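First comes the structure, then the notes that go with it.
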Amino acid sequence: MQSIPSENVVDLLLDAVCVVHVDSTIEFVSPAFERIFGYAPEEVIGKRMFDLVHPEDLAVTQSQAQRVMDGHLQLQFENRYVRKDGSIAHVRWTARWLPDKQRRLAVAHDITERKFTESMQAVIYAISEAAHTTHNLQALFQHIHQIIGRLLPATNFAVALYDACSDSLSFPYHVNEPGAAPTPPAPVQDALCAEVIHSGSTLLLTPDTPDNADPRAAQLRRQLPQEHAPLYWLGVPLQTQKGAIGALVLQSTTEQARYTEKDKELLQFVSTQVAAAIERKQMHERLEHMAQYDQLTHLPNRQLFLDRLKTALARARRDQSLLSLLFLDLDDFKQVNDSLGHAMGDLLLQRVAQRLLECVRGSDTVARLGGDEFVVLLEGGHAREHAAAAADKILAAFGQPFDLEGIRLSIQPSIGVAIYPEHGGEEHRLLGHADEAMYLSKKSGGNQVRVASPRDGLVP
């Protein structure tokens with residue numbers, strides 16, 4: 001049987017055989033080098049192998065090369081290289097030192113596909129974990145940004161969400177690289193995202209995209225300011241069983257962070273997991289909101305109010321400040337339901353909630369305890385008169401009629417006031433005193449304010 005010349009065997013290997021000098025100057029590479037690194041052998045002879053190493057891996061690669069030259073056999077070292085086309089190649093090396101030749105002999109095995117599969121598995125797990133562990137949507141968006149940033153250049157990154165009910169687009173998360181070139185004007189950005197969401201298809205625009213290849217590229221160029229840098233724009237719809245709920249957007253104005261068709265496919269894969277995570281978190285936040293807020297007025301309900309009151313009392317003790325509770329009940333509310341119907345009664349409760357919010361500071365809490373009973377929590381006061389002034393402001397505001405879809409209706413509240421520490425230091429006791437004071441106000445004719453007594457009685 002005729003033997004195959006050794007040089008032909010090397011040529012047939014799928015792994016690349018490399019011989020380099022002490023300073024990493026390339027003396028010989030086998031034909032497989034081009035398949036792995038993108039350079040034909042004649043293009044790299046005389047060049048330094050270190051110059052092809054990914055910048056983040058250069059230091060550890062130089063250290064490993066020195067170990068080989070010190071006589072250590074290298075069997076499983078992995079690092080990254082920048083291919084001729086700018087893409088990244090992951091390589092596992094076997095190498096040894098040839099002391100008589102003063103050369104390093106190494107064999108490069110391409111593990112790019114394996115690394116890609118591993119990274120995709122890690123991404124799926126990381127996104128799923130983020131959906132379970134992050135506290136809210138904003139935290140989830142930040143986590144997703146970090147995860148995608150491990151795969152693609154993501155210094156300019158945005159999450160767009162689409163509300164089908166209102167047919168509106170919002171950008172709850174948008175991060176731009178400091179000092180970056182201008183991003184597309186808002187109308188252009190909105191139009192591109194809307195196109196991605198409504199079409200349900202990914203859109204990749206690059207400076208090389210011919211106008212006749214994609215009319216959207218021509219539209220973008222017409223709308224961008226003349227001084228705008230060439231733009232790479234990648235938008236992927238967030239698809240769910242109900243349709244697209246938004247889009248992930250990446251953009252860049254530099255060749256170092258350009259986006260390719262492979263990046264497009266990668267982000268499409270990730271977007272499926274991201275959409276599921278966002279949908280899960282949205283559902284969780286809706287359920288949480290339903291558990292903590294009154295569905296009619298969207299004010300905090302009794303349980304959330306008691307939680308806030310407990311926290312506020314702890315702050316008041318620490319800061320040695322006053323805390324006031326205003327308990328409100330609408331006078332003759334039943335007559336509204338009986339004469340105008342429950343729909344108008346519900347509308348009145350919504351209008352009352354809005355007016356109460358207008359009477360207090362943003363740091364105060366207005367809650368609906370049930371029926372026509374509301375409570376106002378005032379924090380940070382240092383004078384007993386602060387509660388009385390707030391109650392008087394509410395009475396004055398209720399002096400103006402409510403507009404119920406063209407029906408003008410006047411209704412007044414009975415208000416009871418309790419103050420910490422004068423009327424107790426525990427939330428249920430304080431709320432009970434305010435409730436008792438409110439009933440005395442109502443019993444006395446309503447449309448007035450009563451302050452609880454420090455003892456068992458009540459004083460006006």
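The values are calculated or read from the model by the stated rules, or taken from the named source; none is laboratory data. All of these numbers come straight from a predicted model, not from anything done at the bench. Please note: Cβ atoms are built from the backbone with ideal geometry, for glycine as well, and neighbour counts cover all protein chains shown. Ligands, DNA and RNA are stripped out before the accessible areas are found, and what is left, the full protein with its side chains, is counted by its heavy atoms. Shrake-Rupley method; radii C 1.70, N 1.55, O 1.52, S 1.80 Å.
Quick look at the values:
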| item | result |
| --- | --- |
| Per residue, in Å², the accessible surface of the chain once ligands and nucleic acids are set aside, probe 1.4 Å | 52 Å² |
| Farthest positive-ward along region 13-110 dipole, Cα basis, beta-carbon charges - from Gly86, Pro55, Pro99 | Pro99 |
| Candidate residues Met49, Met344: accessible-area rank, largest first, probe 1.4 Å | Met344, Met49 |
| Dipole in debye (nearest 20) - the chain, about Cα centre, beta carbon charges: Lys, Arg +1; Asp, Glu -1 | 740 debye |
| Total lysine pairs whose alpha carbons fall under 30 Å of each other in the chain (8 or more apart, or interchain) | 25 |
| Charge dipole of the chain about the Cα centre (unit charges at C-beta), most positive-ward option of Thr117, Thr240, Ala390 | Ala390 |
| Relative contact order of region 302-456, pairs being alpha-carbon contacts under 8 Å that are 6 or more residues apart, as % | 29 percent |
| Region 310-377 versus region 245-268: alpha-carbon centroid distance in Å | 49 Å |
| Whole-percent carbon and sulfur share, accessible surface of the chain, 1.4 Å | 52 percent |
| MRE, 222 nm, helices only [DSSP H, n ≥ 4, -39500 (n - 2.57), over the chain, to nearest 500] | -13500 deg cm²/dmol |
| Rounded accessible area of Lys115 (nearest 10 Å², 1.4 Å probe) | 60 Å² |
| Per-residue HN-Hα couplings for region 74-86 [Karplus 6.51, -1.76, 1.60; θ = phi - 60°; Hz; x = Gly/Pro] | 9, 10, 9, 7, 10, 8, 10, 10, 8, 5, 4, 7, x |
| For the chain, with +1 on Lys and Arg beta carbons and -1 on Asp and Glu, the positive-most of Leu369, Leu266, Leu287 along the dipole | Leu369 |
| Kirkwood Rh in Å, taken over the chain so that all alpha-carbon pairs contribute | 28.3 Å |
| Heavy-atom accessible area order for Val10, Val22, largest first, 1.4 Å probe | Val22, Val10 |
| Heavy-atom accessible area ranking, 1.4 Å probe, most first, across Asp392, Asp15 | Asp392, Asp15 |
